Structures are given as C-alpha cells and as structure tokens.
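Here's the structure, in structure tokens; my notes come after.
Only the coordinates and a few stated rules stand behind these numbers; no lab work does. In this text the structure is predicted, and so the values were computed from the model without any measurement. No Cβ is skipped: glycine too gets one built from the backbone with ideal geometry, and neighbour counts run over all protein chains shown.
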Amino acid sequence: MEIDVAEPERSQAACERCGRPLESTVACLECGALLRTDEEDPFRAFGIERAFEVDAKLLRKKLLKLQRATHPDFFATQGEAEREAAERATSSLNAAFEILSDDLRRADWLVSAQGGPSRDDERQMPQAFLMEVMEWNEVLEEARDGGTGDPNALATLTSDLDAARTTELAGLERDLTPLPAAGDERLRTVRRRLNALRYIDRALGEIGTLTR
Amino acid sequence: MAYIELDVIQDRTEPVLGIDLGTTNSMAALFVGGKPVVLRPSDHGGVVPSAVFFADDGSTLVGGKARDRAAAEPDRALFSVKRFMGRGLDDVQQDLENVPFRTSAGPNGVIQFHVREETYTPEQISAMILGEVQRLACQALGGEAPKRAVITVPAYFDDTQRQATRTAARLAGLETLRIINEPTAASLAYGLDQRKEGTVVVYDLGGGTFDVSILAIEDGVFRVLSTAGDTHLGGDDFDRVLVQLAKQELAPKISAEDLTDPALTQSLRLAAERCKQELSRSPSAELHVSIADHGVTLRRRVTRDEYEALIGDLIQRTLALCTSALADAKLTPADVDEVVLVGGSTRTPAVRAAVEAAFGRVPHTELNPDEVVALGAAVQGHVLAGGTRDVLLLDVTPLSLGLETMGGAVEKIIHRNSPVPCSAKAGFTTYADNQTGMTFNIVQGERELAEDCRSLGRFELKGIPPMPAGMGRIAVRFAIDADGILQVTAKEETKGATASIEIHPMNGLDDDQVEAMLKASLDNAKEDFEARRVADLLIELGTMLAAVDKNMTAVNERLDPESRLEIEEAAADARALTAKGAARPGVEHAQKIRDRFEQATLPLAAVLMDNVARTALSGKALSDV
C-alpha cells in the first residue's frame with residue numbers, strides 16, 4: 001500500500017482573516033491577506049502535493065495568480081510593514097518557483113526534505129557512471145590543452161553527455177515516485193544521480209565555453 | 001475623522017510620474033485618461049537633453065540651452081553623466097578620454113566633476129536634470145508636478161548605479177517609488193499598446209548603454225525571463241568611430257596637442273552626431289567641422305557602407321549579448337514571437353538589418369523609440385499609485401551577487417536572472433579561535449574571482465562570542481528588493497548573539513553625504529533665489545532712473561527743494577548700484593536703495609499724476625468728471 005505523504009490538513013487550512021479555504025500558505029487568494037511570508041516549503045507555498053512530478057503550465061499559472069496577490073507593486077502606497085511583508089511573500093514565492101520549476105533543484109529539495117543524505121553526506125556518483133567519467137575527463141582535458149586529435153571529440157562528448165543526462169533524469173523521476181520515506185535507500189540513489197547530473201551540467205557548460 | 005479619510009483617498013489617487021533619465025535625453029510621462037502620455041508644455045517638446053551648463057553669472061542652465069552652449073564652452077558643461085553614475089575613476093578611464101571633463105575622486109571613490117571652482121558628483125548633475133524634467137512636467141500639467149516617480153535605469157545597471165539613481169532623485173526632492181529597467185518599461189508600453197501576448201525580445205540600444213531583455217507576456221503579466229547588456233555600449237560609440245575618422249583626417253593639418261583640445265573634441269562630437277543621423281536617412285553624409293581657432297575646416301563624405309563597416313563590431317557585440325540572453329532563457333530565436341526596438345540608436349538601418357537577420361523577423365518600430373521607456377514607466381507609476389491591478393511586472397536581477405571567500409574566489413548567493421524580489425542565505429564558519437569579527441566583501445558580477453567582479457562594499461560582523469575555530473556559525477542573508485537593490489544582513493547563529501553591520505559603500509554616497517548635499521542645494525536654492533531677486537531689483541531701479549531723468553526737468557519747478565534734493569540723492573545711490581561693472585549688491589541693500597528711491601520719488605509721482613489728470617480733464621466741467 002502506498003502512503004500518502006501530503007499532509008491532509010493542508011488542503012483544509014482556512015484563511016485566518018476571511019475563513020475561506022487556502023490555496024497557498026503564503027497568501028489568501030480570496031481576500032488578499034499575506035500569511036506565512038517566510039514559507040520555506042515550496043509545495044506548501046504553491047499549495048500543491050509534495051511530489052517529484054509537477055505540471056509546469058499549472059505552476060506558471062499559479063505563480064502569476066499568487067504574485068497578483070502578493071507583489072510589492074500592489075502595496076506601494078501602504079505602510080512600511082505591509083510593503084516589507086509583500087517583499088518577503090513575493091521572495092518566498094519566487095524562491096519556491098525556482099525550486100519547483102527546475103528538475104534538479106526540486107529533486108535536491110525533496111531528498112533533503114524526506115530526510116535523505118545531503119550533498120556533503122553523499123559524494124558518490126552511480127557506479128556505472130564512473131567508468132565513463134574517466135573517459136570524458138580525458139576528452140575534456142585534451143580540449144582544454146588546445147584540442148588535438150579527433151575534431152569531432154567534443155561533439156561526440158556532448159551527445160554522450162546529453163544521453164546520460166536523459167537517463168539520469170528519468171532515473172530521478174523513477175526513484176522519487178512515489179516519494180520515498182526517510183531511511184529509504186532510494187534517497188541515497190537519488191543523491192548519487194544528482195551528483196552525476198551536476199557533473200554532466202558542469203561538463204556541458206565547459207564545452208560551451210571551449211567551443212565559443 | 002472625515003479629513004483623515006479624505007487624505008487617504010487623495011494619497012491614493014495622487015499620480016506617479018514615469019521618468020526616463022537617459023544618457024542623452026530625459027523626459028517624463030504620466031498615465032492620464034487610460035493611457036500613458038509624454039508630458040509636454042505647449043511651447044516645448046518635453047525632451048530634456050541630459051546636459052547642464054554653468055554660466056558666468058553663477059546661474060545654471062539645464063537641458064537644450066545647456067547642450068547648445070556646451071559646444072562653444074565645453075569647460076562649463078557636463079553631459080552624458082549617466083555613464084559615470086555609481087562608478088569610480090578607474091572604471092571610466094575610457095569614457096573620460098571622450099569627454100572634456102576635469103575629474104577627481106571624491107568621498108567613497110565617487111567621481112567628482114570640476115567646473116570652475118566647484119565640484120559636482122554625477123548624482124548632483126542628474127538631480128539637476130530631474131529637476132528640469134519635473135519643472136516641465138509641472139508646466140505641462142499646469143500646476144504642481146507629482147512628487148513621486150518611477151525612474152528607469154538600464155537593465156544591466158548594477159547595485160551601485162541603481163543606488164546612485166535613487167540618490168539623484170532624492171537630491172531633486174523626488175520620492176522614488178520604484179526603479180524599473182528600461183527594456184522592461186518599453187515592453188509595458190509596447191505590450192499594452194499592441195495587446196500582445198507571447199515571447200518578446202526588447203532590443204534597447206540607447207546613447208550610452210545596451211540592454212536586451214526577453215519577456216513572456218501572459219494575462220497582463222510581463223515576466224522577464226532573462227536580461228543581458230553592456231553599460232558601455234551605445235550610440236555614443238557610433239559617434240566615436242566618426243570622431244576617430246575625423247581625427248585621422250585632421251592629423252596632418254594640426255598639431256597633436258591641438259587634436260586633444262576639449263573645444264575641438266566637442267565640435268567633432270557634435271559633427272559626428274549630425275553625420276550619423278544623416279546616414280540613417282541617406283546613403284551618404286558629410287562629416288563637416290570648421291574650427292576657427294585652428295583655422296581648419298574638414299569636409300569628408302562618408303558613405304553608409306563605410307560607416308557600417310566601422311560600426312560592424314559594435315553591432316556584433318549587441319548580437320552576442322542577445323545570444324547569451326536567449327541561452328539564459330533556454331530559448332532559440334525560433335521561440336521568439338516579437339522583437340521590439342527601443343532607443344534612438346535603433347534608427348540606424350544597419351542595426352535594424354542585423355536584428356532582423358539574427359531573429360529572423362522584422363522588428364517592431366511602431367512606437368517612438370525615444371519615448372517608449374518613459375511611457376512604460378508611467379504605466380508602472382499608474383500600477384504603483386493603485387490605479388490598476390491588471391498589469392504586473394516581474395523582473396529579474398541582471399548580475400549575480402555573492403561574497404568573496406578566503407582565497408579570493410566568489411561564492412555566488414543569488415544568481416543572475418533570478419526573479420526579484422528574492423532572498424537567499426549562505427553560511428560561514430569562524431576560522432580562528434576566539435574570533436570576534438568577520439569581514440565580508442560583497443561582489444556583483446559573473447567572474448570567478450572577486451577581484452574581477454565589482455565590489456559593492458565591505459561590511460564587518462562584530463560581537464561574535466569567543467569560541468573555538470569552526471564553531472561560530474554565521475548566516476549571511478542577501479535580499480534584493482523589487483527595485484533590484486540589495487540588502488545584506490548577517491547573524492551569528494550558535495549563541496544567537498546580535499551583531500552589528502557596517503557597510504562601507506563603494507562609489508556611492510552614504511546618507512550623511514546625501515544629507516549634506518541636500519542642505520547645500522537648499523542653500524544654493526536660497527542663493528539662486530536671492531540672485532534673481534537682486535537682478536529684478538536692479539532692473540526696477542533702471543526703469544525708475546529712466547523715468548526720473550525723463551521727467552525731472554519738466555516738473556523741476558513744481559517740486560519743493562527738499563524733495564528735489566532727496567530724489568537726487570536717492571537717484572545717485574541707484575545709479576551707483578546699476579552702473580556697469582558695479583559689484584553685485586546683497587539683496588537687502590538693493591531692496592533698501594529701491595525702497596528709499598521709491599519713497600523719495602513719491603512727490604514727483606504726485607506732480608506727474610496731477611499733470612496727467614489736468615491734461616485729461618482740461619476742457620471738461622467738474623460735473624463731467
């Protein structure tokens with residue numbers, strides 16, 4: 001049986017000002033009250049279920065809707081306290097959106113939130129990945145030194161990295177659905193995949209600089 | 001209570017100006033009757049050239065008159081000061097080669113311009129320009145101009161440059177409700193005008209700066225996806241290639257020393273600007289300068305092909321930045337729905353052609369590229385004034401922000417193109433036993449080493465309780481507000497000790513300095529007022545003297561000797577005051593002389609009135625009167 005990790009009371013939470021049900025913990029979309037302006041849980045800020053899979057379009061629509069309630073532009077003629085609360089509320093929504101809309105950052109947040117190992121606790125990459133990394137490093141090394149040999153080496157490397165990226169991302173989604181509870185070994189696997197993805201993105205970035 | 005409520009209502013509806021404080025031109029717009037309009041007095045186009053001229057008599061000219069006189073007397077004029085806002089002398093060496101200014105480093109490394117015996121910071125000069133913009137707005141509105149404004153800056157302005165802009169507004173007596181980015185402002189004006197949705201690229205090439213912003217417009221929300229730019233790339237650089245061309249041609253004719261003469265530089269600059277503008281309309285134009293002082297005339301025909309070859313590299317630099325903005329937004333040119341051109345320099349046909357080729361579509365040019373930024377700022381002003389909730393601008397920070405770590409590297413805390421407002425935290429640990437303080441260098445920029453980035457200032461965290469190395473945990477929080485301005489706070493977390501922060505601004509004025517300048521400008525305002533009053537009094541004395549001279553002989557015998565003597569004495573004083581080469585009197589002294597003169601001439605006036613009455617009434621019966 002799967003355990004629903006979404007906290008049930010969240011969906012029933014009511015606005016402390018108008019009493020109507022809340023879509024977000026940051027602000028009430030009904031009456032415009034600013035509530036938990038320092039919300040650190042991006043899923044609660046957006047009022048969506050904690051899960052790896054998110055609907056990008058829904059997320060964007062929700063951001064715009066929430067910003068219409070919290071943005072400092074709509075508080076410009078109010079007192080300093082209100083203006084600051086609006087800055088904080090909008091900041092936390094922006095931070096939440098950055099996490100929710102980015103696969104890697106969302107996975108990173110979920111691993112930590114579910115009690116998995118942090119980046120410092122788990123520095124390994126997936127075993128199968130390591131052999132390839134040694135080869136890739138050689139190609140990169142050569143390109144850094146001015147690139148002798150195979151002129152297509154970097155192009156080949158790029159497509160290899162892209163393929164590896166797709167594989168690891170698919171793995172992230174698999175390992176995080178349904179969301180593992182604390183102590184689940186899958187959290188460690190996800191952390192390792194994230195380490196691999198960080199390596200891939202750094203390498204792709206470097207190729208970008210080298211070929212420009 | 002009723003009056004309080006009324007105040008609140010008035011406060012809400014009080015309009016907010018939108019001001020484009022440009023390198024070359026500035027102007028104000030306001031949202032009225034459902035749309036933004038540029039504020040123009042009936043006898044004025046509304047454009048204020050961003051120039052200030054310091055005249056002989058101590059008066060200050062701002063705008064068109066200042067620009068016109070700058071050509072003949074460049075040592076008394078300041079222009080393009082936006083290039084120097086929030087900069088240190090080291091940052092602007094190249095800019096200084098192209099302007100005839102004398103400069104020095106002022107407090108906190110702020111640049112100071114020397115004009116005659118006075119020094120002025122870029123903030124003060126910008127404040128004068130803002131004052132003139134406000135004056136025109138006031139005339140156009142036929143009453144008092146709004147005291148609150150939205151002011152635009154290049155998207156690529158860093159924190160110090162934004163702060164300097166706020167300071168300038170404060171010195172001009174304006175409350176800055178919001179600083180917004182120029183391309184974003186343009187997108188607001190454009191998006192509302194054309195009712196467009198989708199992905200829009202704003203290519204903004206102004207006089208001194210280049211910005212490109214990529215936005216998603218959806219349901220009235222203008223969301224900036226990415227921005228890139230160069231605060232040292234603009235139409236002035238196009239002028240410069242023509243100035244260089246002119247100098248090459250002149251080199252055999254005049255000495256190397258004369259070539260660097262400020263007056264010559266200024267004439268060449270203006271000639272280059274005319275030639276550039278003509279080249280936007282015609283296939284060729286003449287670069288024409290005649291310099292009387294050096295007995296040299298230059299007439300050189302420049303073809304558009306030749307000119308376009310000269311500015312090709314500059315245009316390429318703008319396109320490279322477009323590519324980088326697209327990459328940051330994770331988009332390709334094919335994803336772009338519309339391209340909007342902003343800034344006077346986009347009138348250059350080569351620029352239009354290059355942008356069209358780069359994005360594969362004809363750019364929009366319906367809106368006046370010189371006005372669209374001010375119009376957008378007025379829209380934002382309307383939003384901030386509480387006028388509408390249908391429009392919302394979501395912008396990003398153009399440059400990464402971080403702290404210098406041990407060893408001189410940069411730890412980025414907020415990445416470029418993060419939506420604002422935003423905040424982020426970073427943790428540090430103490431590195432020595434019983435360490436009680438820690439110094440941080442706040443840097444802005446994309447480079448890896450702190451020395452390659454711009455230092456925004458240093459602050460010191462004091463009062464860390466004594467403990468072994470590595471035990472003290474310090475949390476530094478960066479917060480960027482909706483103006484794109486940074487606030488930094490730091491806290492020691494283990495013992496929860498409160499700690500104080502002192503930030504030492506770089507290339508920016510601190511509060512005390514701004515206060516001192518405000519006071520000085522008030523004193524100056526008093527001086528200016530008095531000088532004007534004295535000038536008025538002297539004119540009045542002149543008129544009175546002329547009247548006395550004209551009438552004394554005619555009515556001489558009808559005045560008693562005592563009155564005559566008094567008039568003659570008072571007139572002598574007045575003559576001394578108004579004589580050519582006389583020292584400018586104080587306002588009180590001038591007022592006293594004038595009052596005494598008026599008093600003394602009362603009997604004369606009475607006689608004259610009597611004469612007039614007699615002439616008028618002659619031949620009339622008393623009953624007819």
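A few notes on this one:
- Local electrostatic count, B:Arg477, Cβ distance below 9 Å [Lys/Arg +1, Asp/Glu -1]: +2
- Those trypsin sites (Lys or Arg not before Pro) in the stretch B:222-329 that DSSP places in a loop and that have at most 12 other beta carbons within 10 Å: none
- Using the Karplus relation 6.51 cos²θ - 1.76 cosθ + 1.60 with θ = phi - 60°, the per-residue 3J(HN,Hα) values for the stretch B:287-295 come to 8, 10, 9, 10, 10, 4, 4, 9, x Hz, with x marking Gly and Pro.
- Modelled spin-label separation between B:Thr489 and B:Gln316, with each label point placed 7 Å from Cα along the Cα-to-Cβ direction: 4.9 nm.
- Scattering profile of the stretch B:16-189 at q = 0.09, 0.12 Å⁻¹ [log10 I(q)/I(0), Debye over alpha-carbon scatterers]: -0.30, -0.53
- Largest GNM mean-square fluctuation among A:Val133, A:Val111, A:Val190, using chain A with Cα springs under 10 Å: A:Val133.
- Convex hull volume of the C-alpha atoms in chain A, normalised per residue: 162 Å³.
- Links that overshoot a 25 Å alpha carbon limit, given the list B:Lys65/B:Lys276; B:Lys65/B:Lys526; A:Lys61/B:Lys412; B:Lys82/B:Lys196: A:Lys61/B:Lys412; B:Lys82/B:Lys196
- The P(r) of the stretch B:525-617 has a tail past 21 Å containing 37 percent of all C-alpha pairs.
- Volume per residue for the stretch A:127-211 equals 84 cubic angstrom (convex hull of Cα atoms).
- Summing charges over neighbours of A:Leu29, with a neighbour being any other residue whose Cβ is under 11 Å away from its Cβ, gives +2 when K and R count +1 and D and E count -1.
- The HN-Hα couplings worked out from phi for the stretch A:34-41 by the Karplus form 6.51 cos²θ - 1.76 cosθ + 1.60 (θ = phi - 60°) are 8, 10, 7, 6, 10, 3, 9, 8 Hz, whole numbers, x standing for Gly and Pro.
- Each residue, B:Ser104 and B:Ala309, gets one label point 7 Å from its Cα in the Cβ direction; the gap between the two is 4.6 nm.
- B:Lys147/A:Gln127 FRET efficiency (R0 56 Å; Cβ-Cβ; nearest 0.05): 0.25
- Fully extended contour minus Cα-Cα distance, from B:Ser284 to B:Arg389, at 0.36 nm per residue: 32.9 nm
- The local environment of B:Val115, defined by Cβ-Cβ distances under 10 Å, has a net charge of 0 under the rule Lys, Arg +1 and Asp, Glu -1.
- Each 5 Å bin from zero holds the following percent of Cα-Cα pairs in the stretch B:235-309: 3, 17, 32, 25, 13, 8, 2.
- Distance between the modelled labels on B:Ala554 and B:His44, one decimal in nanometres: 4.1 nm (7 Å Cα→Cβ projection).
- Principal axes of the protein assembly as shown: Cα extent on each, largest first, Å: 124, 79, 60
- Average other protein chain Cβ within 10 Å of Cβ, residues A:85-94: 5
- Residue list for the stretch B:297-329, given a label point 7 angstrom along the Cα-to-Cβ vector of A:Asp162 and an amide N cut-off under 15 Å: none
- In terms of Cα atoms, the Rg and Dmax of chain B work out to 30.5, 113 Å.
- Estimated purely from DSSP H runs of n ≥ 4, each contributing -39500 (n - 2.57), the mean residue ellipticity at 222 nm for the protein assembly as shown is -15000 deg cm²/dmol once divided by its residues.
- Whole-number D in µm² s⁻¹ for the stretch B:307-399, Kirkwood Cα-pair radius fed into Stokes-Einstein, 25 °C, 0.890 mPa s: 160 µm²/s
- Residue of A:Ser112, A:Ser92, A:Ser159 that the Gaussian network model of chain A assigns the largest fluctuation, springs spanning Cα pairs under 10 Å: A:Ser159
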